[in-house]
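I have placed the structure first, in the form of structure tokens, so that the comments after it can refer back to it.
The values are calculated or read from the model by the stated rules, or taken from the named source; none is laboratory data. Predicted model only: the values in this text are computed from it and were never measured. As a convention, Cβ positions derive from the backbone with ideal geometry for all residues, glycine included, and neighbour counts pool all protein chains shown.
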Amino acid sequence: MTDFLDVRNLSIAFDGKAVVHDLSFRVPAGKTVALVGESGSGKSVSALSVLRLLDERHATYPSGEILLDGENLLAAPDKRMRQIRGRRVSMIFQEPMTSLNPLHTVEKQIGETLAIHQGMRPNQARARTLELLELVGIPDPRERLAYYPHQLSGGQKQRVMIAMALANAPDLLIADEPTTALDVTVQRQVLELLRSLQERLGMAVLLITHDLSIVRRYADEVVVMQHGHQVEAGPTETIFESPRDAYTRQLLSADPGKAPSSPSTTARTLLSMDGVGVRFPLRRGFFGKPKAWLHAVRDVHIELREGETLGIVGESGSGKTTLGMALIKLVRSDGKILYRGKPINNLNQKQFKPLRKDIQIVFQDPYGSLSPRMSVSEIVGEGLMVHAPDRQAEHEDMIVQALQDVGLDPASRHRYPHEFSGGQRQRIAIARALVLQPSLIVLDEPTSALDRTVQKQVIELLRSLQQRYGLSYLFISHDLAVVRALSHQVLVLKGGEVVEYGDARQVMETPQAEYTRNLLEAAFFYHAEAPDDIHTGAR
């Protein structure tokens, strides 16, 4: 089989500083090669180099070649690269919110690539766009054509990115964390879709991911990177069964861990929700009165004690994040919310402000939630300026401690978010929430952008902070292995409604709802066998 992509002794430098050293790998037609390694290891930079998407005012290639079907892309003129991008080689980017144009609809963004590379007319492009949206599992695709990116959930934005990448049936697909924002059932659907298209079209795939279970099931070859160096490469089964390098063994052993110990039975109730619902107006009448509603969350009842974690799971668009937004009053809600026994649902923003120190949130998209104009020190310390102005002399020490807690070098606090990798930005977001020492943290997919080893470190960090300070967490995630490692209770949502709620071990081991069983089956589909203490009841 011919090598469609052949990377030979590639070195990459930014402003003269080398970040990738002598990288070599091949991607044959019809095969999948995975680049794996921790955040900052050079995976994404190497992938972006294939399409020459790095800023060439600063990025240089001191050595090496990138051969696409025998043609050296590093020597290709810009006009030739424009012909290749999106047609022969497509890319699924890691952060869909920053890759999609906020001013254009879904239909326009996908249709644009069809018009440029295939010359399709608007009606042809529309039909093909609908077909692609159906392929990647977008609900109500005809209605979603007119949506803008901000109207889609994180998982839906990622699926739109995948549809754009597949639009022209490329010869090579570069997939940079293609399923990071997807729930487990859609993740499985998308990966199976990519594999079926690969078999049908003979497409080569370069997969960049931190999820080693996906690598094991879908990749033919694996290249392991650390600090810009290639430490190991070979067939997938060989790497997984008999890794030679100590770093590879470390990656493979980084499991999120077992279920946490139960909190004290004497712990007081910190948070309770009684009949909480959230709805958004779909259509308004002549005088602005809503005529139709979208019920994003319906009739939720939960109780969370001090030192306890409630895991909230469900597919993309099920209402998980909306429920968290209702708690911190970023969206209006119905029903009753009690915090330390006192109702907070009727408080206005001014009345709620003192509680923001106690109830913090880590958002799903760290790039979008961190100001690009503020240094890390300013980002982490912003809450201290608002909620602890009388302790200004201690602010610097508190910022340093928060960064150390999440595994970041405090010396980097004067840098800006764009200078960090995706995983590092997520840790900055966690540090911003931790610095105020809250009682309750809403964690919205806080580990989705992290590689396995850092993910394990963050889970252990969250556990230790919970034990030390009696913190409570609302943990929103589609990664059921991580939910299992952190949660004492689990709430399962589907279409905004509660499907199952109860003790985490009971829900994970003996789920009562068919939907929960489907989630668990999809979550452990990639493993040779499910963990001993989990079964879906459908085996």
- Mind listing whichever residues of segment 2-20 are crowded, with 18+ Cβ neighbours inside 10 Å and either in contact with a helix residue (DSSP H, G or I) (Cβ under 8 Å, 6 or more places away or on another chain) or not acidic (D, E) (or both)? F4, L5, V7, L10, I12, V20
- Query: So L408 fits all but one of (1) outside any helix (DSSP H, G or I); (2) exposed (fewer than 14 other Cβ atoms within 10 Å of the Cβ); (3) of a type outside the set (G, A, S); what number is the exception?
  - Reply: (2)
- Task: Please work out if Q426 is surrounded by 22 or more Cβ atoms within 10 Å (Cβ to Cβ), of a type in the set (S, T, N, Q) and closer than 20 Å to L462 by Cα.
- Result: yes
- Message: Within segment 440-505, considering only strands (runs of 3 or more DSSP E) that don't extend past its boundaries, which have at least 1 residues that are acidic (D, E)?
- Response: 440-444, 497-503
- Task: With respect to A393, determine if the residue is at pLDDT 85 or above, among the aliphatic types (A, V, I, L, M) and over 29 Å from T209 (Cβ atoms).
- Result: yes
- On the given criteria, is G30 assigned by TED's automatic domain parsing to the domain that holds V224, in contact with a strand residue (DSSP E or B) (Cβ under 9 Å, 6 or more places away or on another chain) and closer than 16 Å to A204 by Cβ? yes
- Query: Hey, among L197, L201, L282, L191, which residue is touching a residue at least 12 places away in the same chain (Cβ under 8 Å), surrounded by fewer than 22 Cβ atoms within 10 Å (Cβ to Cβ) and either within 19 Å of H478 (Cβ to Cβ) or in the same structural domain as S421 (by TED's automatic domain parsing) (or both)?
  - Reply: L191
- Which one is nearest to Y473 (Cα to Cα), of the residues in segment 395-419 that are within 20 Å of the chain's Cα centre (by Cα) and touching a residue at least 12 places away in the same chain (Cβ under 8 Å)? V406
- Would you kindly identify the strands (runs of 3 or more DSSP E) lying entirely within segment 288-361 that contain at least 1 residues that are within 28 Å of T265 (Cβ to Cβ) and under 23 Å from the mean Cα position of the chain (by Cα)? 309-313
- Can you tell me which residue among T179, T129, T113 is modelled with pLDDT under 90 and either aromatic (F, W, Y) or crowded, with 17+ Cβ neighbours inside 10 Å (or both)? T179
- Name the single residue, out of those in segment 420-439 being within 23 Å of V19 (Cβ to Cβ) and assigned to a helix (DSSP H, G or I), that is farthest from the chain's Cα centre (by Cα). I428
- Give the residue, chosen from L103, L68, L130, that is under 24 Å from V205 (Cβ atoms) and either over 30 Å from the mean Cα position of the chain (by Cα) or assigned by TED's automatic domain parsing to the domain that holds R8 (or both). L68
- Cβ-Cβ below 6 Å, separation at least six or inter-chain, first residue in segment 260-276 and outside the structural domain of L310 (by TED's automatic domain parsing), second of a type in the set (F, W, Y) and surrounded by fewer than 15 Cβ atoms within 10 Å (Cβ to Cβ): which pairs? none
- Task: Kindly indicate whether M81 is among the hydrophobic types (A, V, I, L, M, F, W, C) and surrounded by fewer than 21 Cβ atoms within 10 Å (Cβ to Cβ).
- Result: yes
- Does S371 qualify as being small (G, A, S), out of contact with any Asp or Glu (no Cβ under 6 Å at 6 or more places or on another chain), within 16 Å of G277 (Cβ to Cβ) and not assigned by TED's automatic domain parsing to the domain that holds Q156? no
